[in-house]
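Just below is one structure, and these are the notes that go with it.
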Amino acid sequence: CKKTPCRHILFCSSLFLALLQACPSHAFNSVSIRLDPSCRSVKPPCRKNLKSFQHVTTESTCNLRKPSSLSLKMNGDPQWYAFSQYNLGRWQGKALHIDPTTGEYVEPYVIRNYVLDVIEVERETAVERFIGEPNEMLNLEPVAHETTIRPDDDFDATIDGFYSRDISMTSVPDYHNLAGLVIDMSIPINDEERVRCNVIYDKQYVLSRIILYEERRMKLPQKGPIGFGTQAQKKSGDSISVVKTNKAKAEETRPPLQFLDIVGSFAGDASSRRTWRLGGGFLNFRSRGSILWDGDSRVRKETEMIDQHMKASRTVVWGEMKDEYSKVLEFDGGDRMILLPSGCWVTVPVMLTDIEGNTIQPMTVLDTLSAETQQSAYSKVLDLALHEGQSSKSNPRSNSIFKSYTAEFGCNQAGSYGRRRTWRLYGEDGRVNSCAIATESLEKK
């Protein structure tokens, strides 16, 4: 039949629409619109076009999607992710300075109330701001201190709040000398409370002071835009400069740890992480620790670990103490166990020595400043001193100048968890090889 003008117009329009549908840019736009969940009324394009652009649209939408906590965990440093989930925010606490020789408070007494802000200032970097309150009775002036926290191979953290790290050649609030090494270890008691311990060695690497921090999380109301706009301040409220550090209700802390509290056998679940420079990896195992006393002055400490393949490792060490009221236990090999307030204890070497038992060559401030980072300065400067012959007492045939040692911090009254502890194993290069945590309970006889 003869085509009318109307049919001709309809035929041309259909042909034009078909050409538009076959156009790649139009097909891409159609697919993009279809993938937008807010546009439900748009008809989907043909399956053929959808397959041809599937790889393009998937990449595009993924880039625009807000990263979830899982993707942050996978793409970022897993240690930092674990640290940030519990430890960021504002904490109010009390710092107790302990003499590691006697286990008593240092003289003059230092008991400092403070507020601590842990603020993430950039990706995987936090600033820890310490604001100490004055104490007229103890003649303590206000003090402020700031530390940077970054994850490295010596940094360890778990998702439930444990963390530990090393800091070299640094200052510490109310400690008036320069610390050669600070081992910082933290144990969570519950969602709102934690205990931290700073083991301080002087520039000669002799144990100089123990600082115990009893901390509770501070919750303040949100008041609109705040300071840096970081995750820590969103949790805690206003910036630290405008907060009046009114003391919260005084809550009783745990009583000081007594020797008879730790006599017996404790067993539970434990896990450890090997540092990445040694290959990395995680291990879950059963831990058991016991302390036996002969009723006089001799003490026997036993540690046992059993892994998933039923392979066991056991260590036995003997020690001495003055009496059952003593706060210090001396063990063979140079380790000292100090019973602390708040149901805690710490076991560390009295002095860091080389493999021959000689003292370590001290570092200078200029040596530390010349290192690339604060965290790696500890081992790098020692390696530099070794190669330049500054440490003549160390073994010239090996880079290993330290005697391997362990630093352990524990709380015997960790709320519903029972007993919790964390320890760090150091190699002969002076750096940590692995970190472990354990939650244990007293074994029934």
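The values are calculated or read from the model by the stated rules, or taken from the named source; none is laboratory data. None of the values given here were measured: they were computed from a predicted structure. Positions of Cβ are backbone-derived with ideal geometry, glycine not excepted, and every protein chain shown enters the neighbour counts. With ligands, DNA and RNA removed, areas are computed over all heavy atoms of the protein, side chains included. Shrake-Rupley method; radii C 1.70, N 1.55, O 1.52, S 1.80 Å.
Points to keep in mind about this one:
- The stretch 254-362, relative contact order in percent, only Cα pairs under 8 angstrom and at least six apart counted: 22
- Percentage relative contact order, the stretch 131-193, counting C-alpha pairs under 8 Å, at least six apart: 23
- A simple rule links phi to the HN-Hα coupling: the Karplus curve 6.51 cos²θ - 1.76 cosθ + 1.60 with θ = phi - 60°, which for the stretch 187-195 gives 10, x, 8, 7, 5, 10, 9, 8, 10 Hz, with x for Gly and Pro.
- Accessible surface, the stretch 257-311, averaged per residue in Å² (probe 1.4 Å): 55
- Extending 7 Å from the Cα toward the beta-carbon at both residue 133 and residue 271 defines two label points whose distance is 3.7 nm.
- Within straight-line cross-link reach of residue 311, aspartates and glutamates at Cα separation under 20 Å, skipping those fewer than 8 residues along the same chain: 269, 302, 440
- A simple spin-label model places the labels of residue 99 and residue 322 1.0 nm from each other, with each point 7 Å out along Cα-to-Cβ.
- The residues of the stretch 93-159 expose on average 48 square angstrom of accessible surface per residue, using a 1.4 Å probe on protein heavy atoms.
- With each label modelled as a point 7 angstrom along the Cα→C-beta vector, the residue 311-residue 190 pair spans 4.0 nm.
- Cα-based shape type of the stretch 119-182, given that a ≥ b ≥ c are square roots of the gyration tensor eigenvalues and the cut on a/c is 1.5: prolate
- Checking the Cα-Cα distances for 301/444; 94/203; 94/219 against a 21 Å cut-off, the pairs over it are 94/203.
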